Amino acid sequence: MINRLTSGRKIRFLCFLCCLVYFVSYLTRLNYAACLAEIQRSLGISKSLAGLPVTGCFITYGIGQLLCGFLGDRFHPRNMIFTGLASTSVCNLLAALFPRIEIIIPLWCLNGFFQSMLWPPLVRVMAEALDENHYKKCCVQVSVAASAGMIAVYVLAPVCILVSGWRLAFLIPTVSGLGTAFFWFVSFTRLASGGTNTISALNVEMSRDSTIKLPALFLQASLIPILLSIILHGILRDGITTWMPAYITETFGLSTSLSILTTAVLPVFSIFSITIASWLLQRLHNELFTAGILFGAGTLSSLLLLPFYNSMPVFSITMMTLITGCMYGINLLLISRVPRHFARFGRVATVSGILNASTYIGSSLSTYAFGAVSEHFGWFSTIFIWVLVALGGTLLCFFTFRKWGRFSNPA
């Protein structure tokens, strides 16, 4: 059990530490995807082969989410976060020192697992050290730090490529990651020395009396369609983010560095998308119906992009920004909000881990598949797949929202 913090100064510093860890985790995880087009060009490899490290990273990250969620309750979070952050930094260093795709692929698979060691213990730290009000505020701050980390990656990568080459975009995160790992370890040790022992803020909300089994909950809450919707949103969110620089370079002839820089608009818009999704949910009171509207907006944006995908760069980037923005809003609804409804069954952490892992099934599918499809059939066919994926999510959510409404708002 972690001591509950009562000092305002210590609470603010803990929130800063959590934001710093998650910010740096994005620097050390997304840099390969940001440099993907340049790595493909410099190593002289196919797009599908260049996408394999990202695919492997998503797979190991998703599997690790389930495993490390279990381990995070049994090992001290200080040590677990230090190990994960230091290890992911070493993966970045080795990728820069040995720039061969057959070496980078297993390294980036390991990187995905080490990255999964960060979020579960970080949630435990926030839940046990902060009261409910400060926990909610800290979660918002960490989400903003994640978006800031993504922006930093897509600004840093093109600058590194222009100055020295893509390997510099791995060396800078290496130094940042190792420095943050040691800073976290020392700071958290001092911070945790004071406080008051108490039960976790999350445990207060969770009922331990329920005997309903997880398979029964899956049926009762229509979790299978929700899982499928989450997989589809992961396909679009991370698939478009990963391949947008390559699409812009190949279709409009822009330089690799400039194409990567344009991708920085995606996380900027994601902040607004999350706000809009939260506003819609307050009025519609149904996560699935709200997600269906956002999937529908993504479908419309994909359809509008199809006839102009190779002739209007500004319009194309705008449409892709809208699609990914809708997916970030859906992520808030299905990954963050849906698990809250399982508090009365004592299944918040379990359901949250399953849902979050599902995202990365979609992410891993899209990074390889979109590269292969665009390489063999062109970007028109790839964008048409986006239309079908978004439409599938729309139908799943609209067909399920009534049953979900009965479950999430029992009489």
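For the pair region 230-298 and region 1-68, the centres of their Cα atoms are 18 angstrom apart.
Here is the P(r) of the chain: all C-alpha pair distances, binned every 20 Å from 0, give 28, 58, 14, 0 in whole percents. Per-residue 3J(HN,Hα) values for region 242-247, derived from phi via the Karplus relation 6.51 cos²θ - 1.76 cosθ + 1.60 with θ = phi - 60°, read 5, 9, 4, x, 5, 4 Hz in sequence order (x marks Gly and Pro).
Radius of gyration over Kirkwood radius for region 10-192, both on Cα atoms: the Rg/Rh ratio is 0.99. Per-residue ellipticity at 222 nm, computed for the chain from helices alone with -39500 (n - 2.57) per DSSP H run of at least four residues, works out to -27000 deg cm²/dmol.
For the chain, compute the number of Lys pairs whose alpha carbons are separated by less than 29 Å, excluding pairs fewer than 8 positions apart on the same chain. Within the chain, the lysine pair count is 5. Computed about its Cα centre, the charge dipole of the chain is approximately 980 debye, with only Lys, Arg, Asp and Glu carrying charge at their Cβ. Binning all Cα-Cα separations of region 305-411 at 10 Å, short to long from zero, yields these whole-percent fractions: 12, 35, 30, 16, 6, 0. Between 294, 227, 355, the residue with the greatest mean-square fluctuation in the GNM of the chain (Cα pairs under 10 Å linked by springs) is 227.
Among 400, 189, 299, the residue with the largest mean-square fluctuation in a Gaussian network model of the chain, with springs joining Cα atoms closer than 10 Å, is 189. Among 167, 190, 124, whose mean-square fluctuation peaks in a Gaussian network model of the chain (Cα, cutoff 10 Å)? The residue that fluctuates most here is 190.
In region 212-411, the inverse of the mean reciprocal separation of distinct Cα atoms equals 17.2 Å; this is its Kirkwood hydrodynamic radius.
Throughout, read-outs are computed from the coordinates displayed, never taken from laboratory work. Source: prediction; values computed, not measured. Every residue, glycine as well, gets a Cβ built from its backbone with ideal geometry; the counts of neighbours run over all protein chains shown.
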